[in-house]
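Enquirer: This structure is in structure tokens; I'll ask about it shortly.
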Amino acid sequence: MTDVVLPCLNEAPALARLLPRMPAGYRPIVADNGSTDGSAEVARRLGVQVVTVPEPGYGAAVHAGILASDPDDGVVCVMDADGSFDPGELPLVADPVRTGSARLVVGRRRPSGRGVWPPHARLGNAVLARRLRRTTGLRVHDIGPMRAARKDDLLALELRDRRFGYPLELLIAAARAGWEVTEVDVTYGPRTAGTKSKVTGTVRGTARAIRDMSVVLAR
């Protein structure tokens with residue numbers, strides 16, 4: 001069994017559709033980061049484990065979910081809970097870790113249509129990814145929110161960021177540790193109706209994420 005951490009903040013409409021679509025062998029864990037729309041109740045009603053995360057921040061939710069995971073095969077995936085990713089593609093990121101061909105696999109978002117990935121968010125991501133390639137040598141093009149690694153490996157990195165800088169800190173730490181990091185294409189679709197992006201949905205949200213990640217790059 002592979003665990004899937006779903007950092008969550010007010011994603012009730014998406015969870016109702018996403019959780020029943022988890023492929024066989026993948027067990028979701030909803031890391032609820034202060035939702036007020038009943039997200040936790042939706043998950044529990046569907047028989048899914050919920051971890052309450054009082055500390056605000058994307059990284060805080062992901063870290064708490066990883067701590068709560070107990071995968072039979074040692075592999076933990078992370079995926080946004082907003083419905084923009086297809087859970088059927090989880091094996092694309094998990095299988096290389098499971099077979100040992102990679103220590104960390106990151107999904108490179110491929111938009112399913114026009115307007116799915118707003119230009120300001122796509123540009124900010126591209127700039128950060130370019131800086132990351134230049135400073136670490138990693139061949140990645142997306143600081144993506146879908147990834148997989150072994151639980152013990154992730155905890156051994158002792159990542160500190162609890163905000164939006166977490167995904168970038170993970171990549172930097174993996175590069176410094178000499179990990180084999182692989183990037184695979186994953187479908188990136190529109191969010192489920194009734195949910196709102198904390199990052200890509202607004203210029204302000206994207207700017208906040210870029211700021212957090214820039215702090216990580218400057219360390």
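The values are calculated or read from the model by the stated rules, or taken from the named source; none is laboratory data. Since this is a predicted model, take the numbers as computed values, not measurements. Note: ideal-geometry Cβ built from the backbone for every residue, glycine included; neighbour counts use all protein chains shown. Each accessible area value is taken on the protein alone, full model and side chains, heavy atoms only, with ligands, DNA and RNA left out. Shrake-Rupley method; radii C 1.70, N 1.55, O 1.52, S 1.80 Å.
Enquirer: Could you tell me which residue of region 110-122 is modelled with the lowest pLDDT, considering only residues that are farther than 18 Å from Asp86 by Cβ and touching a Ser or Thr at 6+ places or on another chain (Cβ under 9 Å)?
Expert: His120
Enquirer: I would also like to ask the following. Is it the case that region 106-121 has a residue that's more than 20 Å from Cys8 (Cα to Cα) and under 14 Å from the mean Cα position of the chain (by Cα)?
Expert: Yes, the conditions are met somewhere in region 106-121.
Enquirer: Out of Gly124, Gly178, Gly113, which single residue is over 24 Å from Ala94 (Cβ atoms) and open to solvent by 30 Å² or more (accessible area, probe 1.4 Å)? Working first, answer last.
Expert: Values: Gly124 fails: open to solvent by 30 Å² or more (accessible area, probe 1.4 Å); Gly178 fails: over 24 Å from Ala94 (Cβ atoms).
Going through Gly124, Gly178, Gly113 in turn, just one is over 24 Å from Ala94 (Cβ atoms) and open to solvent by 30 Å² or more (accessible area, probe 1.4 Å): Gly113.
Enquirer: Still on this structure: Can you pull out every residue in region 100-133 that is of a type in the set (Gly, Ala, Ser) and in a strand (DSSP E or B)? Break it down into steps so the answer makes sense when it comes.
Expert: Taking region 100-133 first, the residues of a type in the set (Gly, Ala, Ser) are 100-102, 107, 112-113, 115, 121, 124, 126, 129.
If the condition is that a residue be of a type in the set (Gly, Ala, Ser) and in a strand (DSSP E or B), then Gly107 is the only one that fits.
Enquirer: Mind checking which residues of region 13-26 are open to solvent by 10 Å² or more (accessible area, probe 1.4 Å) and among the small types (Gly, Ala, Ser)? If you could, list the steps in order and put the result at the bottom.
Expert: Initially, region 13-26 is screened for residues open to solvent by 10 Å² or more (accessible area, probe 1.4 Å), giving 13, 16-17, 19-26.
Passing the criteria: Ala16, Ala24, Gly25.
Enquirer: Right, another one. Could you tell me whether any residue of region 142-164 is aromatic (Phe, Trp, Tyr), modelled with pLDDT of 95 or more, at negative phi and within 14 Å of the chain's Cα centre (by Cα)? Reasoning before the result, please.
Expert: From region 142-164, those aromatic (Phe, Trp, Tyr) are 164; that's our starting set.
Next cut, modelled with pLDDT of 95 or more only: none.
No, region 142-164 contains no residue that is aromatic (Phe, Trp, Tyr), modelled with pLDDT of 95 or more, at negative phi and within 14 Å of the chain's Cα centre (by Cα).
Enquirer: In this structure, does Val181 turn out to be β-branched (Val, Ile, Thr) and either under 15 Å from the mean Cα position of the chain (by Cα) or farther than 23 Å from Pro71 by Cα (or both)? Quick ask: steps written out before the conclusion?
Expert: Working: β-branched (Val, Ile, Thr): yes; either under 15 Å from the mean Cα position of the chain (by Cα) or farther than 23 Å from Pro71 by Cα (or both): no.
So Val181 fails the test.
Per-residue answers, yes or no, for (1) touching a strand residue (DSSP E or B) at 6+ places or on another chain (Cβ under 9 Å); (2) over 25 Å from Val51 (Cα atoms):
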| site | (1), (2) |
| --- | --- |
| Leu67 | yes, no |
| Asp72 | yes, no |
| Asp86 | yes, no |
| Leu104 | yes, no |
| Arg110 | yes, yes |
| Arg114 | no, yes |
| Gly124 | no, yes |
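Enquirer: Picking from Val42, Val97, which residue would you name as being in contact with a strand residue (DSSP E or B) (Cβ under 8 Å, 6 or more places away or on another chain) and not in a loop (DSSP other than H, G, I, E, B)? Give the steps one after another, and end with the answer.
Expert: Numbers: Val42 fails: in contact with a strand residue (DSSP E or B) (Cβ under 8 Å, 6 or more places away or on another chain).
Every option except Val97 fails the conditions.
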